[in-house]
1. Using 0.36 nm times the number of residues separating CYS65 and VAL109, minus their current alpha carbon distance, what extension gain do you get?
2. Using 0.36 nm per residue, how much length does the chain from GLU168 to LEU134 gain when fully extended, once their Cα-Cα distance is taken away?
3. Can you tally the net charge around PHE244? Count Lys and Arg as +1, Asp and Glu as -1, for every other residue whose Cβ sits under 13 Å from the Cβ of PHE244.
4. What ranking do 164-173, 227-236 get when scored by the average of other Cβ atoms within 10 Å per residue, highest first?
5. With viscosity set to 0.890 mPa s and temperature to 25 °C, compute the Stokes-Einstein D of the stretch 21-137, Rh being the Kirkwood radius across alpha carbon pairs; µm²/s, no decimals.
6. HN-Hα J couplings of the stretch 236-253 from phi, Karplus 6.51/-1.76/1.60, θ = phi - 60°, integer Hz, Gly and Pro as x?
7. So which lysines pass the test for LYS221, namely a Cα distance under 23 Å, with those fewer than 8 places away in the same chain ruled out?
8. When the convex hull of the C-alpha atoms of the stretch 206-248 is computed, what volume per residue in Å³ does it have?
Amino acid sequence: MNRSAANGAVSGAAHVPARAAPPEDVHQSLAACAARWTAGGEIVATAVPGLSLFRKETSTEPTSCMYEPSLALIVQGAKRVLLGEEAYEYRAGQFLITSLDLPALGQVVEATREQPCLGIMLKLDPRGLAEMLLDSSLAGQSGLPAGRGMEVGQARRPLLDAFRRLLELLDSPADIPVLAPLVQREIVYRLLMSDQGGRLRHIASAGSQGHRVARAIDWLKGHFAEPLRVEDLAAHVQMSVSTFHHHFRTLTTMSPLQFQKWLRLNEARRLMLIEHCDASTAAAQVGYESPSQFSREYKRQFGVPPRRDMEGLRRLHGLGEAGAPAQAAAVH
């Protein structure tokens, strides 16, 4: 895990152009923009495709979620992500890169009403990454050996400047269709050329072990309710069973069966909370044949049985028994 501090010191002999703002000014500009666009909301999808902004005014408990291939930049406060037994903490000036779909626990660890945790998230398009790898300037770059599919990196000045230009487009919506793709391409380029770029290259390069694991995850997401034979899935992505197990666990910290279980349990949780299914119906829809096994594994995953979990979630989100907002509840 890379938690090294930014080396922002410039030697006295260096000549810095007068027009160049110091990095902390770029951080402040990004934080001010994120704060303005998230006033009244916690997660705000912007007019720029794939770009969203995040705001949280209090620290939180770990929350289970699926992290998509993305770059998450913190501009104020701090967050922590738990992937298996490993913790990835990142704060202002650092980013979390996620190179494939990963089940994890997310937690805000530094936030107040006066100084909320503010972040910017940009989804990464694996196809766009692969196309950029065909560029001659990147063709000779090698990917990192197989490692975790998540890592923390330091946001250098060129990357911060690109994000600043992307957020400035929110005030010029007519320019977004033409200019946003260009800035997003620059961000991807900066990311590929960063210390963590090799990890993305390893996942995006067709034929690599990481790329094959990503394909297996795509299959699991679309077929998690079906019985799983790991041998068949390994053959589907053209890997031996032992190699597939090794690289899958290295990247995700889970076995394929554990990954499938996570997908099933979280979809069942969504069905009960949002679509108001009872536990037995939800269990059957996600592929469980035994309601008692579902209840045991649900409690192991979320800490409480399904019914008690739903009661707690409905209170937390201000939902009545039928899913309607409670009268005194505040959504945000």
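Quick note: the coordinates plus some simple rules give every number you see, no bench work behind them. Keep in mind the model is a prediction, meaning the values are calculated, not measured. Glycine also receives a Cβ, built like all others from the backbone with ideal geometry; neighbour counts cover every protein chain displayed.
1. 14.2 nm
2. That works out to 9.3 nm of additional length.
3. Around PHE244, the charge tally is +2.
4. The densest-packed peptide leads the list: 164-173, 227-236.
5. Answer, rounded: 164 µm²/s.
6. 4, 9, 6, 9, 5, 4, 5, 5, 4, 4, 4, 6, 5, 5, 4, 6, 10, 6
7. Qualifying lysines at Cα under 23 Å: LYS123, LYS261, LYS299.
8. 60 Å³
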